[in-house]
Amino acid sequence: MGYEESSTSADPVEDWVVDWDWLDPSWGTDAIDIWNAVREVTPMAMTERYGRAFMPVTMEAVSAIAKDTENFSSQWVSVAQPDAVRRPAPPITSDPPHHQGHRRLLLPSFSPRQIEPMEDELREYCRELIEAIGGDETADAAAQYSQHIPVHGIAQMIGVPDSDAEVFRDWIHRNFQLAPRDNRVREEVTADMRAYFGDLLDARRDDPRDDLASLIEHAEIDGEPVDRELKLGYLLLLILAGIDTTWSAIGSGLWHLGTHPDDLARLRDVPFDDPLWLTMSEEVLRYYAPVTMGRRVVGDTVVAGCPVHAGDQVLVTFPAANHDPDAFERSDEFVIDREVNRHVAFGLGIHRCLGSNLARLEMEVAFQEWCAAFPEYRVDGSRETTWTSGQIRGPRTIPVVLR
Ligand code: HEM
């Protein structure tokens, strides 16, 4: 099948209520305004670009979908062409009853007891990145800072070298930016990832180490060895979920502080153990939540008054729910010291993010070290900040004036 035949329409969106597209470039820059405008009209927008697919924008509709694992299956966690080949990447692609065993296998590695001891080393790593910027007047806070930190964190845990970071970022670009519209890209990038992790599993078979790759290679569930196909799926998921997500969250926070000097000033000389760092990070997660998931509809049901049918696809638009005025006071304001913040950036229900302790640690350390080093930095409005569209939304270039 040729490129043209296998790809969906990339025409610019004119009406977000009946023809939404998460790969439209304006999703990257204007998503929050888009969801707010759709919410004025309907709780559920739709499109025919990927077959029939819905986009809920209220907390009520998003929660209903995330919690209903009978009618909404995680076999498809990205809204893409309906005939795309979907391979398992447990636990994110697993439904009950299998989901629990896969999640239990990975969960202990991401507990606070495992993650907290990483703080000093992560802090040191952030300081090295800042030192590398040296005395320059300007920098790119994404290319020189935010994109590196999550790679460093998850690569160590999995047991792959930081020096392969470019390879991982290339997979991420192809997987999230190109594949939903193009099945051929999906097949190619999946083959590349499977080859890389197949070699890693082989290496750990006879030479186990203290890392996730070894844990996965030797994994058993209920006394039975885990199928190799699923082992590859765990590793694909961990690298994809572990990098782009937190890279986007750190970048969004740095972009926010660099465009809102009042908020940046509030953090000046604030000790690292002050709760303001925590409330700031949580508000970044609420306001700029980077992750939107997909589901396959497997049973006919009704969400927020809208009938959906088996065979349809839906987004689980967690970021849109975070802007629902029925769920948050002053939902359209970034409130740096927001006390009650029940955001759903990490999802809800059985698939709630397994890496949230790691993500939170990386975010807080990254913000603290950057703000301590550059207490007066600002985003350079004369140069372009670029944002990704689609499943993971965040800034990929953030030109800043440092002093
Ligand atoms: C700010 C950063 C992050 C955000 C906003 C985020 C968001 C999410 C969301 C919304 C889900 C729910 C998926 C669903 O309902 O289908 C999820 C699941 C998951 N996340 Fe994260 N994530 C982040 C960082 C990480 C990191 C660093 C890792 C580490 C590898 C990770 C690993 C996972 C895994 C394994 C799942 C699947 C859990 C399950 O299915 O039981 N995430 N994440």
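Here the relative contact order of the stretch 227-374, from alpha carbon pairs under 8 Å that lie six or more residues apart, stands at 27 percent.
Taken as Cα centroids, the stretch 114-142 and the stretch 281-312 sit 35 Å apart, rounded to the nearest whole angstrom.
Spacing of the modelled spin labels on D15 and Q144, each 7 Å from Cα toward Cβ, amounts to 4.7 nm. When a/c is below 1.5 the answer is rounded, else prolate if a/b is larger than b/c, else oblate, so apply that to the stretch 132-222 with a ≥ b ≥ c taken from the square roots of the Cα gyration tensor eigenvalues. Cα axes put the stretch 132-222 in the oblate bin. Short-range pairs are left out: with C-alpha atoms under 8 Å and at least six residues apart, the relative contact order of the stretch 138-197 is 18 percent.
Only one residue of P275, A304, A289 has its Cα farthest out toward the positive end of the dipole of the stretch 260-318, where Lys and Arg carry +1 and Asp and Glu -1 on Cβ, and that residue is A304.
Using bins of 10 Å that start at zero, the share of Cα-Cα pairs per bin across the chain amounts to 5, 23, 33, 27, 12, 1, 0, in whole %.
Suppose every K and R has +1 on its Cβ and every D and E has -1 on its Cβ; what is the size of the dipole of the chain about the Cα centre, in Debye to the nearest 20?
700
Using C-alpha pairs under 8 Å with a sequence gap of at least 6, the mean separation divided by the residue count of the chain gives a relative contact order of 28 percent. Net length available on complete extension from K67 to D207 is 46.3 nm, with 0.36 nm assigned per residue and the Cα-Cα distance removed.
Straightening the chain between E48 and L278 buys 78.7 nm, computed as 0.36 nm per residue apart minus the Cα-Cα spacing. Along the stretch 260-269 the Karplus relation, 6.51 cos²θ - 1.76 cosθ + 1.60 evaluated at θ = phi - 60°, assigns HN-Hα couplings of 10, x, 5, 5, 4, 4, 4, 8, 5, 6 Hz to successive residues, with x for each Gly and Pro.
Within the chain, DSSP assigns beta bridges of which about 90% are antiparallel (rounded to the nearest 5). Between R352 and E339, the distance separating the two model label sites (each 7 Å from Cα on the Cα→Cβ line) works out to 2.2 nm. As a calculated quantity, the FRET efficiency between D170 and Q114 at R0 = 30 Å, using C-beta atoms, amounts to about 0.55. Counting beta carbons within 10 Å around each of M55, M363, M46 and listing the fewest first gives the order M46, M363, M55. The alpha-carbon positions of the stretch 309-403 define a convex hull whose volume is 167 Å³ per residue. Net charge of the neighbourhood of V340, taken over other residues with C-beta under 15 Å away and scored Lys/Arg +1, Asp/Glu -1, is -4. Extending 7 Å from Cα along the Cβ direction at R87 and again at D162 yields two label points whose distance is 2.9 nm. Packing order of peptides 240-252, 171-183, 266-278, highest average first: 240-252, 171-183, 266-278 (average count of other Cβ atoms within 10 Å over each peptide's residues).
Qualifying trypsin sites (Lys or Arg not before Pro) in the stretch 37-77, where qualification requires a DSSP coil assignment and no more than 15 other C-beta atoms within 10 Å, are lacking entirely. The tail of the calculated P(r) for the stretch 167-215, taken as Cα-Cα distances beyond 15 Å, holds 52 percent of the pairs. Exposure proxy ranking for T58, T29, T190, based on other Cβ atoms within 10 angstrom of each Cβ and starting from the fewest, stands as T29, T190, T58.
The phi torsions of the stretch 271-277, fed into the Karplus equation with coefficients 6.51, -1.76 and 1.60 and a -60° offset, translate into couplings of x, 5, 8, 6, x, 4, 5 Hz, rounded to whole numbers, with Gly and Pro shown as x. For the stretch 95-144, what class follows from the C-alpha gyration tensor (a ≥ b ≥ c being the square roots of its eigenvalues): rounded when a/c is under 1.5, otherwise prolate if a/b is larger than b/c, else oblate? The shape class here is oblate. For the pair D262 and D192 in one chain, pulling the backbone fully straight at 0.36 nm per residue adds 20.7 nm over the alpha carbon distance.
Where a number appears in this text, it was derived from the coordinates with a stated rule and is not lab data. Please read all numbers here as calculations on a predicted model, not as lab measurements. Don't worry about glycine lacking a Cβ; one is built from the backbone with ideal geometry, like all the others, and counts go over all protein chains shown.
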